[in-house]
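The values are calculated or read from the model by the stated rules, or taken from the named source; none is laboratory data. Not measured: the values here are computed from a predicted model. Here Cβ is always computed from backbone atoms with ideal geometry, including for glycine, and neighbour counts include all displayed protein chains.
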Amino acid sequence: MAGYNTIRGLRVKYLSADPATSENGQVWYNSTTGNLRLQGIAAWASGENLNTGRSTGGSTGTQTASLLAGGYVGPVATTATEKYNGTSWANSGSMGTSRYGQRAFGTQTAAIAAGGINPGGNVASSESFDGSSWTSKPSLNTGRYYASSAGTQTAGLIFGGSAPVSSATESFNGSTWTTSPASLNTARYSANNGCVGTQTATLIFGGATPPYTSATESFNGTSWTAVDSMSTTARQTLAGAGIQTSALAMGGNTGTLTGATEKYNGTSWASSTSMATARANLSGSGASSASALVAGGEVPAVTNITEEYNVATANLSTS
């Protein structure tokens, strides 16, 4: 009889803990729990709609503790802030400055939002969130919108964006912004909208150069390095979730709206299950490529639709 690795193309691994990332259908043995484990097929499910439909809001957090602030509600920017608890969205304290195309990083109760655009032009100001209210913080050195972000409230990054098209990287230590000598290899805007990684281990993928790109780069705290490009058509205005070695790219615009989802394992991209609603300028959050959230966006009208992404893992047998 053919072995599992011959049929599936992947070996059964003997591990002391479940892997941080794995492929759909992969089987492994967890020697600590004595369980033979199976990673199931990824699936999208509907979540509760936002109270305020919007696009290009600043988002961060996890699937069950997500934050979404600001954004475009048409025809104006908003200051509205909402928090998701895994079941429903609740309104919270409003931002001090209305804006859209800003980026956020941190957690639901300790976040930073910076940059963006409003009728006054590019926004450089940043604000911190404590779980209920926003407080003004120092401004970015370069006002920009449609950038990307990563990190925590006291150790964050903003990179890329439109000011015009930028390759600049800025780091935040909780009190000041510092322009880094490390620039993106591919200047871009409208890349992953969502927190992906930390200040010293982050990832950027897709965006507009213009035109659209599938280029992916990783950051180690010192320099940006080109890594494996996304496998589907190049796209912009997409959402991101996860960390540098376990990330998701979701939705966006390839010339047409898409719901395509891709999963990154730290080395390469692979296609995953598509969202139910194709959309661009959506906001994403999530701590890994196994659990994520997207909300809002344009379909092409501004929407309040929320979707949850999950990859189930089950026991095939127990000791």
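Structure values in brief
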| read-out | value |
| --- | --- |
| Flag if Ala155 is over 17 Å from Asn193 (Cα atoms) and not β-branched (Val, Ile, Thr) | yes |
| Flag for Thr245 being among the hydroxyl-bearing types (Ser, Thr, Tyr), in contact (Cβ under 8 Å) with a residue 60 or more places away in the chain, assigned by TED's automatic domain parsing to the domain that holds Lys137 and more than 30 Å from Ala301 (Cα to Cα) | yes |
| Candidates Ser268, Ser289, filtered to the one that is crowded, with 24+ Cβ neighbours inside 10 Å, assigned by TED's automatic domain parsing to the domain that holds Asn91 and among the hydroxyl-bearing types (Ser, Thr, Tyr) | Ser289 |
| Residue check for Gly96: more than 30 Å from Ser272 (Cα to Cα), at pLDDT below 95, surrounded by fewer than 21 Cβ atoms within 10 Å (Cβ to Cβ) and of a type in the set (Gly, Ala, Ser) | no |
| Residue match in the stretch 220-230 (condition: surrounded by 20 or more Cβ atoms within 10 Å (Cβ to Cβ) and under 24 Å from Ala163 (Cα atoms)) | yes |
